[in-house]
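One structure below.
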Amino acid sequence: MGKVARQVVEQAGIDVNVLVDKLVRAAAAEFTTFYYYTILRVNSIGFDGEGLKEIIEDARIEDRNHYEALVPRIYELGGALPRDIRTFADMAACPDAYLPADPRDMKAMLNVLVEAERCAIRVYTDICNMTAGKDHRTYELSLAILNEEVEHESWFSEYLGEGPSGHFRRGAPGASPYVRRFMTADIG
Amino acid sequence: MAFVKAGRAEEVPPGYTKLVRLAGRPVLLANWGGRVFAVGGVCPHQGKLLEGATVWDHVVDCPWHHFQFDVRTGQNLYPRNVYPRDLPHLEAQVRPLETYPVRVAEGEIWVDLG
Ligand code: FES
Ligand SMILES: [Fe+2]
């Protein structure tokens, strides 16, 4: 924990316990989404699926990166991850991104993906709103994650035909162009 | 049951929600487009209060895990739209919210709890 790091956030008028709870729930959503996207990716096969696989992989790895980037901030602010992973999963700030009943239904798969990204956008917008001008470090981190979540939404919604499309794919899977600088552990 | 007073109209301006307790029951008031709606104030997902929920385009968004409900019907919109039908144990999470008739008269909000 960083004593002054926490104190200055409190002094700025933020309820740090509420903020930490939001960060833990966001981290839980990233962790569970990483898990579910793994299942979605391995089922992304066939004529439609093989093309989709690449962007699921980008979003999957970037969600893992978001988890990695959030954890240090949680501890700096005096928070902690729950000891029991079941508690952690149930706290996730977004619903579980289940594999559709028909795993070959790529449109259903895309709906799961796009809705999960929309939820993530709401989560980080909320944290940005809470921290803007007050907790500069959490704000920058949340904004970096938000930038990637917004891109993820557009990838999947454009795949569903909502375009035209302003993006092109990442140079390397899960490159995290925004969150990268917050990743203090090696990301390869 | 008759209509009970739930507050002043200016306490729930357009685009805002307010959690109130009526006859001991949590009720969420939501104003969309100048019309006030009343729905059950407990989220069926994990039973948490909808205090601090946002409203946009008739959709109330639970602040805890972002389950979403149509304030006109109480129906869960998300994640019901993506939860797989072959996992019936999830159904309890996406139950609808109760909806209550609302009347606004002389600046007071009245809710019929039924
Ligand atoms: S308690 Fe409302 S979404 Fe979880
Ligand atoms: Fe993410």
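The values are calculated or read from the model by the stated rules, or taken from the named source; none is laboratory data. Predicted model, so just to flag it, every value in this text is computed and none were measured. So basically every Cβ, Gly included, is an ideal-geometry build from the backbone, and we count neighbours across all protein chains shown. The protein model used for the area step is the full one, side chains on, heavy atoms only, and it has no ligands, DNA or RNA in it. Shrake-Rupley method; radii C 1.70, N 1.55, O 1.52, S 1.80 Å.
Among the cysteines of chain A, those with no neighbouring cysteine Cβ under 4.7 Å are A:128.
Packing, taken as the mean count of other beta carbons within 10 Å per residue, orders the peptides A:66-72, A:81-87 from highest to lowest as A:66-72, A:81-87.
Within 10 Å of each Cβ in A:90-102, how many Cβ atoms from other chains are there, averaged over the peptide? Don't jump to the answer; show the numbers that get you there.
On the way: counts 2, 3, 3, 4, 5, 13, 7, 2, 7, 3, 5, 5, 3.
Rounded to a whole number, the mean comes out at 5.
Suppose R0 equals 30 Å. What FRET efficiency, 1/(1 + (r/R0)^6) with r the Cβ-Cβ distance, do residue A:83 and residue A:132 give to the nearest 0.05? Show your work: numbers first, answer last.
Values: r = 32 Å, r/R0 = 1.07.
Efficiency, from the Cβ-Cβ distance: 0.40.
Counted by Cβ distance under 15 Å from residue B:91, the other residues give a net charge of +1, where Lys and Arg count +1 and Asp and Glu count -1.
Please give the FRET efficiency for residue A:160 paired with residue A:90, using the beta carbon to beta carbon distance and R0 = 22 Å, rounded to the nearest 0.05.
Details: r = 30 Å, r/R0 = 1.35.
Calculated value: 0.15.
Cross-link reach is defined here as a Cα-Cα straight distance under 15 Å, omitting same-chain residues fewer than 8 places apart; for residue A:107 the aspartates and glutamates meeting it are A:48, A:50, A:115, A:153, A:158, A:162.
The packing ranking of peptides B:65-77, B:97-109, highest mean first, is B:65-77, B:97-109, where packing means the average number of other beta carbon atoms within 10 angstrom of each residue. Seen from residue B:44, the other residues with C-beta closer than 13 Å to its C-beta sum to a net charge of +1, counting Lys and Arg as +1 and Asp and Glu as -1. A simple spin-label model places the labels of residue A:105 and residue A:125 2.8 nm from each other, with each point 7 Å out along Cα-to-Cβ.
For chain A, the relative contact order is 29 percent, taking Cα pairs closer than 8 Å that sit 6 or more residues apart in sequence and dividing their mean separation by the residue count.
For chain A, the longest principal axis of the C-alpha atoms and the axis of helix A:136-159 are separated by about 10°. Separation of region A:35-72 from region B:41-95 is 25 Å, based on Cα centroids. Listed by chain and number, the lysines whose alpha-carbon sits under 25 Å from that of residue B:18, ignoring those within fewer than 8 places in the same chain, are A:22, B:5, B:48. Taking every Cα-Cα distance in chain A and sorting them into 10 Å bins starting at zero, the pair-distance distribution P(r) comes out as 10, 37, 34, 15, 4, 0 percent. At full extension, residue A:184 and residue A:21 could sit 56.5 nm farther apart than now, given 0.36 nm per residue minus the alpha carbon distance.
Net charge within 11 Å of residue A:17 by Cβ-Cβ distance, Lys/Arg positive one each and Asp/Glu negative one each, not counting residue A:17 itself?
Numbers: positive: A:6, A:22; negative: A:10, A:15, A:21.
Every neighbour counted, the sum reads -1.
Please calculate how many Å² of accessible area the protein assembly as shown carries per residue, with a 1.4 Å probe and no DNA, RNA or ligand atoms counted.
Values: 14640 Å² over 302 residues.
That works out to 48 Å² per residue.
Quick check on the protein assembly as shown: helices-only [θ] at 222 nm, where DSSP H runs of length 4 and up contribute -39,500 (n - 2.57) each and the sum goes over total residues. Nearest 500, please. Please list the in-between numbers first.
Values: 6 runs with 124 residues, N = 302.
Dividing the helical sum by the residues of the protein assembly as shown leaves -14000 deg cm²/dmol.
Kirkwood Rh over alpha-carbon pairs of chain B, then Stokes-Einstein at 4 °C and 1.567 mPa s: what D in µm² s⁻¹, rounded to an integer?
On the way: Rh = 14.1 Å.
In µm²/s, the coefficient rounds to 92.
Here the accessible area of chain A is 54 percent carbon and sulfur, with a 1.4 angstrom probe and all protein chains present.
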